[in-house]
1. If amide H atoms are built 1.01 Å from N in the plane of the peptide, which residues on other chains or at least 5 residues away come under 5 Å of the amide H of T95?
2. Identify the residues of segment 90-121 with backbone N under 18 Å of a label point that sits 7 angstrom from the Cα of K50 along the Cα-to-Cβ direction, or state none.
3. Tell me, what are the semi-axes, in whole angstrom and largest first, of the equivalent ellipsoid of segment 37-113 as set by the roots of 5 times the Cα gyration tensor eigenvalues?
4. Near F60, within a Cβ-to-Cβ distance under 13 Å, what is the net charge of the other residues, with Lys and Arg +1 and Asp and Glu -1?
5. Taking Kirkwood radius over Cα pairs in Å straight from the coordinates, which label in [x] 15.7; [y] 16.6; [z] 20.4 is the correct one?
6. For the chain, calculate the relative contact order in percent as a whole number, restricting contacts to Cα pairs under 8 Å that are 6 or more residues apart.
7. Provide the per residue accessible area, probe 1.4 Å, for the chain, rounded to a whole number of square angstrom.
8. If I compute solvent accessible area with a 1.4 Å probe over the protein chains, what percent of it on the chain is carbon and sulfur?
Amino acid sequence: MKKLLIIMMLLSGSLFANEINWAQDFTSGVETAKKENKPVLFVFSRHSCKYCVILEKTTFSNKQVIDALNKDFVSIIAYSDEGDRFPQELWRPGTPTLWFLDANGQPMYQPLMGAVGEEYFLEALKVVKKTFDTNK
């Protein structure tokens, strides 16, 4: 009985977990985007960056943002302080840098910079999704 309760608790926790499904790395994320024919959110971040932390604690913790990203996008995050690999042309001197890429990993727009607020970010997601769907 004790094992059953533990299994149920673990399952219920994973069913109600509400976080962004980040790809393992840039390459696997783009492969997934190609397979699923979805646009990519690529975030260049740093753990010690004040605005990166704010972005993660606010916008990336917002339920509507999480739901929209998990449903309609493949999300990839790379941390400069972990040496994560990603295409050099996506590097920018400031963090956080948020790129919207097509399913082949090519930029759709110039990047957003800084701790973008939830409402603005949700509007950006709608625009990107509409553009991506129109250009399929």
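The values are calculated or read from the model by the stated rules, or taken from the named source; none is laboratory data. Nothing here was measured: the structure is a model prediction, and the numbers come from that model. Don't worry about glycine lacking a Cβ; one is built from the backbone with ideal geometry, like all the others, and counts go over all protein chains shown. Keep in mind that these areas ignore ligands, DNA and RNA; they rest on the heavy atoms of the full protein, side chains included. Shrake-Rupley method; radii C 1.70, N 1.55, O 1.52, S 1.80 Å.
1. Amide H to amide H, under 5 Å and 5 or more residues apart or across chains, T95 pairs with nothing.
2. Taking a point 7 Å out along Cα→Cβ of K50, the residues of segment 90-121 whose backbone N falls under 18 Å are 94-97, 113-117.
3. Working: eigenvalues 67, 60, 20 Å².
Result for segment 37-113: semi-axes of 18, 17, 10 Å.
4. On the way: positive: K57, K63; negative: E19, E56, D67, E118.
Combined, the nearby Lys, Arg, Asp and Glu give -2.
5. Here Kirkwood radius over Cα pairs in Å agrees with entry [x].
6. 31
7. Numbers: 8570 Å² over 136 residues.
Ligands and nucleic acids excluded, the figure is 63 Å² per residue.
8. On the way: 4730 of 8570 Å².
The C+S portion of the solvent-accessible surface of the chain is 55 percent.
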